[in-house]
1. From the set of residues in the stretch A:12-27 that are open to solvent by less than 60 Å² (accessible area, probe 1.4 Å) and at pLDDT below 85, which is nearest to residue A:77 (Cα to Cα)?
2. Of the conditions (1) under 27 Å from residue B:26 (Cβ atoms); (2) in a strand (DSSP E or B); (3) more than 14 Å from chain A (Cβ to nearest Cβ), residue B:128 fails just one. Which one is it?
3. Name the pairs whose Cβ atoms lie under 9 Å apart, with the first residue in the stretch A:190-209 and closer than 20 Å to residue A:436 by Cβ, the second among the aromatic types (Phe, Trp, Tyr) and surrounded by fewer than 19 Cβ atoms within 10 Å (Cβ to Cβ), and 6 or more positions between them or separate chains?
4. I want to confirm something. Restricting to the stretch B:175-227 and keeping residues that are among the charged types (D, E, K, R) and within 22 Å of residue B:251 (Cα to Cα), which single residue is nearest to the other protein chains (Cβ to nearest Cβ)?
5. If I go through the stretch B:235-263 residue by residue, how many of them are over 16 Å from the mean Cα position of the chain (by Cα) and surrounded by 22 or more Cβ atoms within 10 Å (Cβ to Cβ)?
6. Right, residue B:123: more than 14 Å from every other protein chain (Cβ to nearest Cβ), closer than 30 Å to residue B:88 by Cβ and outside any helix (DSSP H, G or I) or not?
7. From the list B:110, B:102, exactly one residue is part of a loop (DSSP other than H, G, I, E, B) and within 14 Å of chain A (Cβ to nearest Cβ). Which is it?
8. From the list B:144, B:231, which one is without any contact (Cβ under 8 Å) to a residue 60 or more places away in the chain, acidic (Asp, Glu) and within 14 Å of chain A (Cβ to nearest Cβ)?
Amino acid sequence: MTDSFLLVGLSNVVQPYNLLAILAGTMIGMFIGAMPGLSATMAIALLLPLTYSLQPETGLAMLASLYLAAMYGGSIAAILLRTPGTPAAAATVIDGYPMAQSGQAGKALGLSLTASLIGGVMSAAALLSIAPLLGRIVLNFGPVEIFAVAVLGITIIGSLSAGSAILGLMSGAIGLLLAMVGMDLTTGTPRFTFGYLNLFGGIDFTVALIGLFSIPQAVRLIAKGDGQSGETVSKVRDRMLPTGREFRALIPNSLRSGAIGIFVGLIPGTGGDTASWFAYNEAKRFSKRKSEFGTGCAAGIVAPEAANNAVVGGALIPTIALGIPGSSSTAVLLGGLMVHGILPGPSLMTDHGDVTYTLLWAVLFANVMLFLVGLLFTRACVVVTRVPNRVVGPVIVVLSVIGSYAINNSVFDIGLMITFGMIGLAFDSFRIPTPPLVIGLILGPILDSTLQQSLLIGGGSYAIFFQNPISAVLLVIAALSVLQATPFFGSIGRLIGRRKGQLRPPHRQAGGSADD
Amino acid sequence: MRLTIAAALAATTTLTGTAGAQDSGYSQTEVEVMQGFKAGGGSDALAQLVQPYLAEELGVNFVNEYIPGATGAIAWTRLAKQAPNDGSTISITNTPMLTTNYIMNPSITYTIDEITPIANIVTDPGIAVVSSDSPFQTFEDFVEAAEAAPGTVTVGNSGVGGDDYFTSLQFEKAAGVQLQKVPFQGDGPSWTAAMGGKIDASFTNVGVTYPQIKDGNLRALAVFAEERLPELPDVPTATELGYELVAGSSRGYSGPGDFPSEDRDAMIAAMQRVMDNPDFQKAAADQALNIDFIPGDEYAAMLKEQEAEYQEIWASIKDEVQAK
């Protein structure tokens with residue numbers, strides 16, 4: 001039964017009409033994703049009405065390709081303008097922008113494209129082969145387990161603090177505090193809203209992200225002026241396709257990051273943003289040259305890009321197998337399925353198997369299409385880079401204003417974006433890192449709600465986190481990850497090493513920066 | 001740049017339907033429909049389903065405006081306080097959030113006295129579900145467990161202030177039991193947690209769980225509807241089991257206060273014709289939307305009744321909930 005659907009899906013997807021839909025979705029998605037603040041979710045939400053008149057399989061193929069392309073589009077802006085087009089591309093900024101600044105914008109974009117292809121094809125393959133089986137595993141992730149995943153995510157803050165760990169922790173703490181704004185999940189009490197209805201739903205982190213990353217950059221460009229040559233928005237002069245040697249070097253990193261992306265995508269409520277930071281952190285942990293991260297290191301681009309495209313397939317797995325969306329974008333996609341008269345859930349694999357497998361194949365084809373379109377289209381970005389600083393700066397501001405408004409059609413959000421822009425400027429002047437703030441802002445609400453839910457389920461006892469095997473293991477990993485960043489862990493390592501010489505090498509490996 | 005602005009405009013408004021030529025007695029040719037939620041949500045599904053048919057009947061263009069935030073309160077505050085009352089602006093109104101918003105939060109200041117209810121269109125009845133391997137075979141099993149150990153049976157809902165939360169409170173009152181209510185962010189996470197055995201049961205809605213019930217992943221214990229549902233003939237209603245409980249999540253349309261009564265009548269008449277249209281009925285059935293057409297004054301009465309009921313419930317439990 002499943003085999004025949006597999007073939008029917010494939011023959012559906014290679015229909016010229018459907019391939020055209022994938023091409024159109026890829027082009028539009030890349031364009032929308034490249035604009036600051038226009039996220040993949042919004043790209044899908046915008047295009048959804050257009051698919052009403054299309055055949056279900058054509059419409060879904062278009063939406064899937066749009067989603068994937070928006071993920072890559074986000075990194076174009078991240079690399080060239082230091083302005084992540086989508087939240088999932090925020091981690092790409094850290095190494096992508098410095099690499100572009102050093103005259104290797106093409107290489108940075110090429111790495112991003114190649115990593116996206118590997119991550120995307122991996123997740124598409126996972127989707128096609130194990131979707132019917134994986135549904136059950138996802139069900140094991142309730143509030144208790146998700147809380148543990150979020151705690152693990154918080155430990156990423158430690159490693160994102162380039163420079164001072166204290167300043168990084170402070171930035172992360174501010175992010176967590178800002179995440180507390182809005183209605184309390186269990187009591188409905190508004191917290192820190194000062195009576196503003198607009199703050200009842202909390203701070204939309206996409207809005208904050210646009211302000212934090214793009215406004216300081218725009219101000220920097222305008223302040224610098226056109227007089228000095230040198231730092232403009234980076235040009236794509238060099239070749240994009242990585243050399244064979246570079247390609248081989250990025251394979252292990254891409255595979256690991258792709259696997260992280262699929263895994264994170266599987267967990268409901270976490271999406272490309274979480275996955276890309278997670279992968280970035282792991283790439284740094286595994287790297288032999290940690291100090292290169294943040295200065296334009298290839299691995300720092302490959303990791304988040306492979307992960308955020310792999311999320312797509314991962315997130316589609318629970319959506320398709322169980323009708324449980326794994327991310328906000330797949331939630332919108334699920335809405336698309338319902339519009340076409342298909343009820344989500346296990347019946348998608350039986351009653352609507354032909355349409356479902358067309359969608360799964362479309363994900364695979366869209367990844368390849370994205371690679372081709374990306375190679376051609378990305379060069380067109382050079383047009384943006386020839387514009388003088390004093391034009392680019394204001395254009396970034398205008399795009400940020402439009403982007404922050406368009407997320408919730410809210411004028412209030414424009415003010416919020418500008419406020420975060422000022423915070424970003426202040427952080428830059430005091431050399432406080434901004435990424436930990438973003439992590440705090442993204443994970444804060446997840447931690448908050450899952451902690452309260454877990455405690456309600458556990459009757460108020462914290463023991464529930466240790467009685468549950470999945471969360472216990474994840475929390476222990478998180479604890480180790482925090483410990484390994486402290487001098488304390490290094491001394492334990494040395495102590496054990498002195499007693500049992502043979503134990504030392506594995507400790508050095510597992511214990512990240514224990515050798516500082 | 002031009003494309004950017006075009007995209008931003010497209011994000012702001014979506015034109016639906018076409019202006020017909022026939023005279024329906026409606027004073028405007030273009031009507032703005034505010035929604036308190038993001039594009040692609042349940043309110044949008046209603047708008048996309050109803051408005052193309054309604055536009056044809058009424059001879060107007062509908063323009064959707066999405067104003068998400070504060071569970072709809074931003075849009076409804078605008079409807080009550082700022083929207084022009086000349087028939088050019090209406091809003092999708094979702095119950096019970098329309099009333100629970102201001103009952104629970106003093107900083108939300110609109111009330112249903114400041115709006116003109118036009119008609120309710122759909123209702124997704126409430127339902128109690130458990131995992132397929134749950135020890136609760138019947139609703140009675142569930143109630144007995146709740147009676148035996150007060151405050152320990154965990155029951156998910158879609159969030160404080162939502163329909164399922166108030167359904168849980170009403171049930172506690174009707175059955176004299178104490179549940180451990182666990183709020184989630186939406187129906188999906190709530191019934192998923194029940195399906196995975198993370199919580200003992202979930203109070204949720206039929207439309208969102210029907211595929212899982214049909215496939216045997218969730219077991220329905222009782223529906224909170226007036227009568228048994230045709231799609232779930234074996235599931236008893238709470239009322240037949242002896243609990244006075246009819247609840248669900250409804251969506252309809254309302255205008256600002258002092259909405260022109262001719263326009264209101266014209267719109268209700270047009271909606272009635274849409275409801276009778278077999279094409280519309282089929283489209284609604286395809287999307288598993290349960291039509292529950294309650295026109296004009298009856299809708300207003302339903303909102304009033306809900307308001308009184310929720311005010312009473314909230315007054316009795318407010319201190320307990322918010323003191324935590």
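The values are calculated or read from the model by the stated rules, or taken from the named source; none is laboratory data. This is a predicted model, so every value here is computed, not measured. With ideal geometry, Cβ positions are generated from the backbone for all residues, glycine too; neighbour counts draw on all protein chains shown. To get the accessible areas, we keep the full protein, side chains included, count just its heavy atoms, and leave off ligands, DNA and RNA. Shrake-Rupley method; radii C 1.70, N 1.55, O 1.52, S 1.80 Å.
1. Among them, the one singled out is A:13.
2. (1) is the only condition that residue B:128 fails.
3. none
4. Among those residues, the one meeting the criterion is B:187.
5. Looking only at the stretch B:235-263, we keep the residues that are over 16 Å from the mean Cα position of the chain (by Cα), and these are B:235-245, B:255-263.
Right, trim to surrounded by 22 or more Cβ atoms within 10 Å (Cβ to Cβ) and you get B:238, B:255-256, B:263.
The number of residues fulfilling the criteria is 4.
6. So residue B:123 passes the test.
7. B:110
8. Testing whether each residue is without any contact (Cβ under 8 Å) to a residue 60 or more places away in the chain, acidic (Asp, Glu) and within 14 Å of chain A (Cβ to nearest Cβ) leaves just B:231.
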